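The values are calculated or read from the model by the stated rules, or taken from the named source; none is laboratory data. Predicted model only: the values in this text are computed from it and were never measured. Note: ideal-geometry Cβ built from the backbone for every residue, glycine included; neighbour counts use all protein chains shown. For the accessible areas, the whole protein counts, side chains as well, though only heavy atoms, and no ligand, DNA or RNA atoms are used. Shrake-Rupley method; radii C 1.70, N 1.55, O 1.52, S 1.80 Å.
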Amino acid sequence: MLNWWLPENVSTYGADIDGLFHLVYWITMAAWVLVQVTMIAFLVMYRNRPGRRATYTHGNNGLEIMWTIIPALIVVWLGFRSVETWNKIKIDLPESEHVIEVTAKQFNWEMLYPGPDGEFDTDDDKMIENDLRVPVNKPIILNLKSKDVIHSFFVPQLRMKQDVMPGRTIRSWFEATKAGTYEIPCAELCGFGHSGMLGYLTVLEQADYDAWLAEQWPAAQAQAPENDEVDPEGGRIG
Amino acid sequence: MTAHAPTADAHAHAEHHDLGFVRTYLFSTDHKMIGRQFLFMSLFMMIIGGGLALMIRWQLAWPETQIPLTRWIPEPMMYDGFMPPEFYNAAVTMHATIMVFFVVMPLLVGCFGNFLIPLMIGAGDMAFPLLNMLSFWVSVPAGIMMVGSFWVEGGAAAAGWTGYAPLSTVPEYTGVGMGQNLWALSLIVLGASSLMGAVNYITTIINMRAPGMTWFRMPLVVWSLFITAILLLLALPVLTAGLGLMLFDRMAGTSFFLPAGGGEPLLWQHIFWFFGHPEVYIMILPAMGIASEIMPVFARKPIFGYHAMVFSIISIAFLSWIVWGHHMFQSGMNFTLGTSFMITTMVIAVPSAIKTFNWLGTLWGGNIHFKVPMLWALGFISTFVVGGLSGIYMANTPIDIFIHDTYFIVAHIHYVLFGGSIFAMFGAVTFWFPKMFGRMMNPTMGQIHFWGTFIFYNIGFFPMHIIGVGGHMRRIYNPTQYEFLEPMQWWNVFITRGVLIMGAFQLVFAINLFYSLYFGKKADRNPWQSNTLEWECPSPPGHGNFETPVTVHRGPYEYSSPEVEEDFLPQTRDLSGATGGSH
Ligand SMILES: [Cu+2]
Ligand SMILES: [Cu+2]
């Protein structure tokens, strides 16, 4: 009943976000039903009738304390419950062999690959516009930059969004769990071409990814990143 | 406009008859006339802001088709009824700017703040009547600059109502030149107008309360306007400073917000939202006050938890200064700081919850009359609750990653500002119309307007949550450019139809307003049998408001009190001696 409106999730942390979404959905839905049903019930029960006189009361301190403390506990609990997911997505970035520099400009995404040597600012760097290719089930680090105004890197199916700031490099990550091609719209108003500023993320199975690397960098013999495992210690980068 | 009741004026303030047309209707220093001026100016601006909204909706439902009734708009804005993306961005920017700064604020604060404060605290006028007049007349050139900016070269501002730098500060990025400068200048001038109003409201409420009108005998709408005025006084200078820096960057070659010159784009966002979040409460606190005023009258019952209501207004105002970062979770602002702002934002939901439960408590055991103002107050609560609850999704940092900058935000802001502030405004207009103009509004047209608006409002705006959760970005010109939005496009059509029908129902309000102004049934002093002081005056009150000075004996919500036989007990009625009161 719920998932028909969220797009399909294809990232590792997307499930955490969706989980929180559903939690908040049920809490807010319960609160909404409580308020609306109570209100409608009162409107029916206490509608004006001839000879009726309203109850003369100025309130009840016990009730005030109750409906201060219960909502406060719920929302603060919800807040602290969300910290772990937030840290996982935005602060504790995993180690990764796959680093790609994404530079936004009016109105395209420039994807800069470090090439087989894994280093930027070398001869084998390669820039491809609006075409981001990554292997499936691997953490990918993006260094997000902008040449002009603020843009926002958004992949709905990854549940990933990060504004791109001129003058900064913002490190961000994702790990896709399903091969396929996904749109990368710009989510922050960036000028007359904002609508339609669109890149594509193509998540490839490892074999297809290796083939694509070989095609792009034919000179380098399969030196491309191997099937490395994620650094178990992880890395704190920020 | 209707004439003042001559008998009422005759005995207290005969001098006002000497004022000619110009001093009475144009350059009036009378708070009631200034309130009416703000009312008509804002309703006029609402036509412009609403027209832009309908054009935006048409474009989203049927992208790049000819929009009906717009062929008169000249190039390069519209091309024979076709909307280019440049104008779309300007329309989005100007719709929001006009609605926030020239409709909701002047309606709730300018119009009802002015009209109600002196009347409800028992004062003859504002503390500084001349400053009050200036406050209105300074807002007029601001409005002219804002609307006029459509016709300058490069068109109107197109960087969003939030004016994010550097899009807003480097003309080449949008192609907008003078339009963006006028946008900033207009808001600086309007800020001055609001400051004059705020100073006046604060001084008046502190110093000019009638004998016996203690702080905790003040009506909640006066409390909310008092706190709102403090927020205005402290928040607007921050916006003005930011707009000044924006103008320096644009016109004097500085680079406060430009990294190439050592500036920082995030600085703008911090300044804007440090103003912007209190601004949200500037637009909703008076609406809450209005609902709190209307509900006891039509439930014939004291407001539930008066003190809790006052303290929640105060705590909202305090907390509103430490939550601004919730607009910036995805901006690149320090991510740990995001967590702090999430917690404070979660906490600010609590006072709103308290208010909602107290409104329900007010209904409990009441004797509820479903008059038009009451319908709006109930509609306000019903929709405001949706807007409040959807705020929790955005306050939650991980969920915000997904829904930030989507239609979920658009849904939220419209549930708060349309279902919230504008519904409350309709409640206020229908409730105080007899006092403002001495005539009753037509209740049948009022009912039609309420039900049409309430139903089609929800049909139009609720699905925005759904497409937002589907990932639909805000501020996009053409949703059909995206494959993943394809399955949702029918929602855009559905929403637009809902909004168009809701727009049509506003004609009923316009007709009712102008019809009742001239042909409405004459109103007596207290048509709703209400307790607060404004109902002691003639409808409409003459110059100086009260025929004889009033003394306050009790709180504003003594309905169905066992002390008297009737189900209301006005604040002025002295029960100690012979039965006083004027009715
Ligand atoms: Cu962009
Ligand atoms: Cu805010």
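Descriptive notes on the structure:
- Largest accessible area first, the listed residues A:Glu8, B:Glu566, B:Glu172, B:Glu153 line up as B:Glu153, B:Glu172, A:Glu8, B:Glu566 when surface is computed with a 1.4 Å probe on the assembled protein chains.
- Under 20 Å between alpha carbons - lysine pairs in chain B that sit 8 or more apart or on different chains: 9
- Span from the region B:47-100 Cα centroid across to the region A:166-214 one, whole angstrom: 31
- Distance from the alpha carbon centroid of region B:440-455 to that of region B:480-551 works out to 9 angstrom.
- Under the span-like rule (Cα at least 30 Å along the axis, Kyte-Doolittle mean at least 1.0), DSSP H helices of chain B: B:31-61, B:178-207, B:220-251, B:265-299, B:335-363, B:372-395, B:489-519
- Accessible area of region A:96-224 divided out per residue, in Å², using a probe of 1.4 angstrom: 35
- Dipole magnitude (debye, nearest 20) for region A:96-224, charges at Cβ of Lys, Arg, Asp, Glu: 620
- Considering only region A:96-224, percent of DSSP beta bridges that pair antiparallel, nearest 5: 70
- Taking region A:96-224 and dividing mean pair separation by its residue count, relative contact order in percent (alpha carbons under 8 Å, at least six apart): 27
- Rolled with a 1.4 Å probe across the full set of protein chains, the surface gives A:Cys190 an accessible area near 0 Å².
- The contact between chain A and chain B removes approximately 7700 Å² from the accessible area (both sides summed; 1.4 Å probe; ligands, DNA and RNA excluded).
- Projecting the Cα atoms of B:Ala53, B:Gly20, B:Ala287 onto the charge dipole of the protein assembly as shown, computed from C-beta unit charges around the Cα centre, puts B:Gly20 farthest toward the positive end.
- Within the protein assembly as shown, antiparallel bridges make up roughly 70 percent of the DSSP beta bridges whose residues both belong there.
- Interface residues in region A:22-50 - accessible area drops by 40 Å² or more relative to the isolated chain, probe 1.4 Å: A:Val24, A:Thr28, A:Trp32, A:Val35, A:Gln36, A:Met39, A:Phe42, A:Leu43, A:Tyr46, A:Asn48
- Across region B:475-583, the relative contact order, built from alpha-carbon pairs under 8 Å that are at least six residues apart, equals 16 percent.
- Normalised Debye scattering of region B:302-424 at q = 0.12, 0.17 Å⁻¹ gives log10 I(q)/I(0) of -0.51, -0.92, counting only Cα atoms as equal scatterers and leaving out solvent.
- Distance between region B:272-312 and region A:125-154 - C-alpha centres, whole angstrom: 46
- Within the assembled protein chains, the solvent-accessible surface assigned to A:Val10 is about 0 Å², based on a 1.4 Å probe.
- Region B:37-536, accessible surface, carbon-and-sulfur percent (1.4 angstrom probe): 74
- Interface residues of region B:356-372, defined as a loss of at least 30 Å² in heavy-atom accessible area between the chain alone and the complex of all protein chains with a 1.4 Å probe, are B:Phe357, B:Leu360, B:Leu363, B:Trp364, B:Gly365, B:Gly366, B:Asn367, B:Ile368, B:Phe370.
- Counting only heavy atoms of the protein chains and using a 1.4 Å probe, B:Asp80 has close to 70 Å² of accessible surface.
- In plain terms, the C-alpha convex hull of chain B casts an average shadow of 26.0 nm² when viewed from every direction.
- Taking B:Met328, B:Met99 and ordering them by how much accessible surface each has at a 1.4 Å probe, largest first, produces B:Met99, B:Met328.
- Per residue, region B:37-536 exposes an accessible area of 29 Å² to a 1.4 Å probe, with every protein chain left in place.
- Under the span-like rule (Cα at least 27 Å along the axis, Kyte-Doolittle mean at least -0.5), DSSP H helices of chain A: A:14-45, A:61-86
- Relative contact order, percent, region B:37-536 [alpha-carbon distance under 8 Å, six or more residues apart]: 15
- Longest DSSP-loop-exposure-free segment, trypsin sites (Lys or Arg not before Pro), chain B, at most 14 other Cβ within 10 Å: B:72-520
- Those lysines that a straight Cα-Cα span of less than 29 Å connects to A:Lys126, excepting residues fewer than 8 apart in one chain: A:Lys90, A:Lys105, A:Lys138, A:Lys145, A:Lys147, A:Lys161, A:Lys178
- Over the protein assembly as shown, dividing the summed -39,500 (n - 2.57) contributions of all DSSP H runs of at least 4 residues by the number of residues returns a 222 nm mean residue ellipticity of -17000 deg cm²/dmol.
- Percent of C-alpha pairs per 20 Å bin, the protein assembly as shown, short to long: 15, 47, 29, 8, 1, 0
- Spacing of the two label points (7 Å from each Cα toward its C-beta) at B:Glu75 and B:Thr444, in nm: 5.0
- Average beta-carbon neighbours from other chains, 10 Å sphere, peptide B:479-491: 3
- Prolate/oblate/rounded label for region B:347-416 (Cα gyration tensor, a/c 1.5): oblate
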